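Data first, discussion second: the structure below is written as structure tokens.
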Amino acid sequence: MDLLWDDKPKEECGLFGIFAPEKEIARLTYYGLYALQHRGQESAGIAVSDGRKIVVEKGMGLVSEVFSPDLLAGLQGKMAIGHVRYSTTGSSLLSNAQPLVVHFQNGMMALAHNGNLTNAVEIRQELGSQGTVFQTTIDSEVILNMIARYRRHSLEDAIIKTMIDIKGAYALLIMAEDKIVGARDPHGLRPLCIGRLGERYCFASESCALDTIGAEFVRDVKPGEVVTIDEAGLHTRFGTPQERIAPCSFEYIYFARPDSTLDNLNVWESRRQMGVQLAKECPIEADVIIPVPDSGTPAALGYAQTLGIPFEEGLLKNRYVGRTFIQPTQELREVAVRIKLNANKRVIRGRRVVMIDDSIVRGTTSSKLVEMVKGCGAKEVHLLISSPPVKYSCYYGIDTAEREKLIANQMNIDEIRRFVGADTLYYLSEEGLKKALGSDSVCLACFNGDYPTTVPKKFSKEDMEC
């Protein structure tokens with residue numbers, strides 16, 4: 001277990017796709033996935049089509065660990081889709097790595113998926129009763145089998161028919177031998193955008209991946225939209241009517257890279273505005289504002305700017321720590337937090353400190369950080385959170401703890417404050433979050449239980465993962 005990051009929800013996947021016969025598409029896909037590495041660190045894969053067949057390479061680990069220069073050189077073609085994945089417990093298997101590739105009566109097809117279906121179990125059972133054999137435990141294979149079943153129609157028609165049947169959250173990239181199709185669920189829960197590189201087009205989960213390869217951001221794929229890129233360019237149609245539009249608020253709070261823009265909202269500015277709203281809701285007389293890096297930094301800056309209090313880096317992050325750090329004893333687990341983050345005593349000693357973080361899930365990390373800052377001589381430590389309390393599990397592709405393990409579901413705010421050891425604990429209100437995002441049309445289900453779709457009564461992560 002990674003003690004520090006275990007107290008944060010985990011994103012499931014990142015997608016990248018490109019149609020560019022004149023380019024080194026495997027290398028561009030590699031760079032695109034590298035930019036999206038924060039969305040998944042357990043496996044990575046790239047599928048390439050030369051117009052006749054699809055070849056896939058994938059493996060466990062980071063993008064840089066899976067793909068060597070020689071391996072990339074062997075992936076030749078005119079289009080590619082790629083995937084990085086974070087898996088839930090017990091599912092970190094090569095067989096579940098994406099893209100998934102299948103042979104069927106009309107040729108070959110590859111699929112990369114970000115999100116979770118809420119009716120995957122029912123569809124899997126139905127397909128199984130009809131003789132479908134599954135090779136993985138992921139709901140992405142359910143989608144792939146549904147598209148293949150409808151493939152007597154055009155690929156776009158098959159995708160649209162599948163979108164009518166599946167429920168939940170998804171951004172999809174589907175590659176046939178001669179085209180790539182991107183699709184987004186009718187609620188827009190999971191992000192997907194379009195870029196242009198010269199006269200050719202590409203897809204990415206976040207705009208930062210477009211910047212990395214030098215592509216121009218064109219626009220976001222709209223909720224319910226099906227977009228095709230092929231030799232003729234870009235074509236679009238709608239698969240299902242737009243429903244209640246509800247992009248995931250946690251993309252802005254924590255998951256997305258701060259230099260990305262999602263659905264016309266810049267992530268850095270959105271987080272800074274969360275800090276501005278925190279300052280309006282909970283102004284505290286303090287000597288210094290410090291963030292919990294990195295996702296807490298823009299909010300801390302917005303808070304400090306609004307109240308005119310100095311902003312300092314009171315917690316310094318070790319940039320060279322790997323993804324995991326094994327702690328065989330409790331004593332070494334205590335050391336693990338200090339390996340990831342260390343307090344800057346000069347900034348903290350003898351001062352009233354406001355520490356700003358983006359969220360609290362279990363509370364374990366927050367308590368260690370408050371203890372660390374107080375141990376460096378802070379007079380007071382006030383912990384402010386730039387999102388509301390996380391009380392409900394997510395069904396849409398984010399690995400939060402089971403509801404009974406969410407500290408805000410088990411304790412009230414004063415009990416949490418005592419647990420983490422802070423002098424003050426304040427969470428941004430839902431209204432403050434919506435003001436920071438400039439929109440009422442976001443998913444806040446992990447805060448208030450108001451899910452934009454029907455959700456299963458019994459929830460098993462292993463049944464519903466990408």
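The values are calculated or read from the model by the stated rules, or taken from the named source; none is laboratory data. Keep in mind that what you see is a predicted model, and the values were worked out from it rather than measured. Note: ideal-geometry Cβ built from the backbone for every residue, glycine included; neighbour counts use all protein chains shown. Heads up: the accessible areas ignore ligands, DNA and RNA and are worked out on the full protein's heavy atoms, side chains in. Shrake-Rupley method; radii C 1.70, N 1.55, O 1.52, S 1.80 Å.
Quick notes
To keep it simple, each residue is scored yes or no on (1) of a type in the set (A, V, I, L, M, F, W, C); (2) surrounded by fewer than 19 Cβ atoms within 10 Å (Cβ to Cβ).
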residue: Arg85; (1), (2): no, no
residue: Asn116; (1), (2): no, no
residue: Glu122; (1), (2): no, yes
residue: Val133; (1), (2): yes, yes
residue: Ile138; (1), (2): yes, no
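- Pair list, Cβ under 7 Å, 6 or more apart: the stretch 339-364 residue assigned by the TED database to the domain that holds Ser386 and within 27 Å of Met411 (Cα to Cα), other residue of a type in the set (Phe, Trp, Tyr) and surrounded by fewer than 20 Cβ atoms within 10 Å (Cβ to Cβ): Gly363/Phe419
- Evaluating Glu402 against the criteria (1) more than 26 Å from Val373 (Cα to Cα); (2) touching a helix residue (DSSP H, G or I) at 6+ places or on another chain (Cβ under 8 Å) leaves one unmet condition, (2).
- Within the stretch 395-421, the set of residues being modelled with pLDDT of 90 or more, in a loop (DSSP other than H, G, I, E, B) and in contact with a Lys or Arg (Cβ under 9 Å, 6 or more places away or on another chain) comprises Leu406, Met411, Gly421.
- Picking from residues in the stretch 295-313 that are over 19 Å from Ser359 (Cβ atoms), of a type outside the set (Asp, Glu) and without any contact (Cβ under 8 Å) to a residue 40 or more places away in the chain, the one that is surrounded by the most Cβ atoms within 10 Å (Cβ to Cβ) is Ala304.
Yes or no, residue by residue, for (1) surrounded by fewer than 23 Cβ atoms within 10 Å (Cβ to Cβ); (2) of a type outside the set (D, E, K, R); (3) out of contact with any helix residue (DSSP H, G or I) (no Cβ under 7 Å at 6 or more places or on another chain); (4) not assigned by the TED database to the domain that holds Leu15:
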site	(1), (2), (3), (4)
Met175	no, yes, yes, no
Val181	no, yes, no, no
Arg196	yes, no, yes, no
Ser205	no, yes, no, no
Thr212	yes, yes, no, no
Phe217	yes, yes, no, no
His235	yes, yes, yes, no
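- Residues of the stretch 234-262 that turn out to be farther than 30 Å from Asp178 by Cβ and not hydroxyl-bearing (Ser, Thr, Tyr), as a count: 14
- Ser387 open to solvent by less than 10 Å² (accessible area, probe 1.4 Å), in contact with a strand residue (DSSP E or B) (Cβ under 9 Å, 6 or more places away or on another chain), assigned by the TED database to the domain that holds Pro293 and assigned to a loop (DSSP other than H, G, I, E, B): yes
- Residues (over 21 Å from Met79 (Cβ atoms) and either at pLDDT 95 or above or over 24 Å from the mean Cα position of the chain (by Cα) (or both)) located in the stretch 221-244: Lys222, Pro223, Gly224, Phe238, Pro241
Okay, residues lined up against (1) among the charged types (D, E, K, R); (2) at pLDDT below 95; (3) outside any helix (DSSP H, G or I):
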site	(1), (2), (3)
Asp6	yes, yes, no
Phe16	no, no, yes
Lys23	yes, yes, yes
Arg27	yes, no, no
Tyr34	no, no, no
Ala44	no, no, yes
Val48	no, no, yes
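- Looking only at the stretch 97-123, residues that are free of Cβ contacts under 8 Å to residues at least 40 places away in the same chain and either in a helix (DSSP H, G or I) or over 22 Å from Met175 (Cα atoms) (or both) come to 1 in all.
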